[in-house]
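The values are calculated or read from the model by the stated rules, or taken from the named source; none is laboratory data. Just so you know, these numbers come straight off a predicted model, no measurement behind them. Every residue, glycine among them, receives a Cβ derived from its backbone with ideal geometry; neighbour counts consider all protein chains shown. For the accessible areas, the whole protein counts, side chains as well, though only heavy atoms, and no ligand, DNA or RNA atoms are used. Shrake-Rupley method; radii C 1.70, N 1.55, O 1.52, S 1.80 Å.
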Amino acid sequence: MGVGDKIQNKTQEVSGKAKESIGDATDNERLQAEGAAHTNQAAENDKDAAKDVKKA
């Protein structure tokens, strides 16, 4: 996993957490769900990258 991928994953994670928090604060279920999905996707990307490193 390159530095660019790490930055992209972290940006996606932070963005997801922000959307989720804003959704919580405004009772906007769509933002809550979208934020959670972004956060989960970033975590999955990190797991996949870790598996790739482990195989190498």
_Accessible area per residue, Å², the chain with all protein chains present, probe 1.4 Å_ = 74 Å²
_In sequence order, calculated HN-Hα J values of the range 32-46 (Karplus, 6.51, -1.76, 1.60; Hz; x Gly/Pro)_ = 4, 5, 4, x, 5, 5, 5, 5, 5, 5, 4, 5, 5, 4, 5
*Give the calculated FRET efficiency between S21 and A50 to the nearest 0.05, with a Förster radius of 22 Å applied to their Cβ-Cβ distance.*
0.25
*What is the extension gain from A36 to V3, computed as 0.36 nm multiplied by their sequence separation minus the C-alpha to C-alpha distance, in nm to one decimal?*
9.5 nm
_Solvent-accessible surface (1.4 angstrom probe) belonging to V3, in square angstrom, nearest 10_ = 110 Å²
*Only Lys, Arg, Asp and Glu count, each charged at its Cβ (+1, +1, -1, -1), so figure out the dipole size of the chain about its Cα centre, rounded to 20 debye.*
340 debye
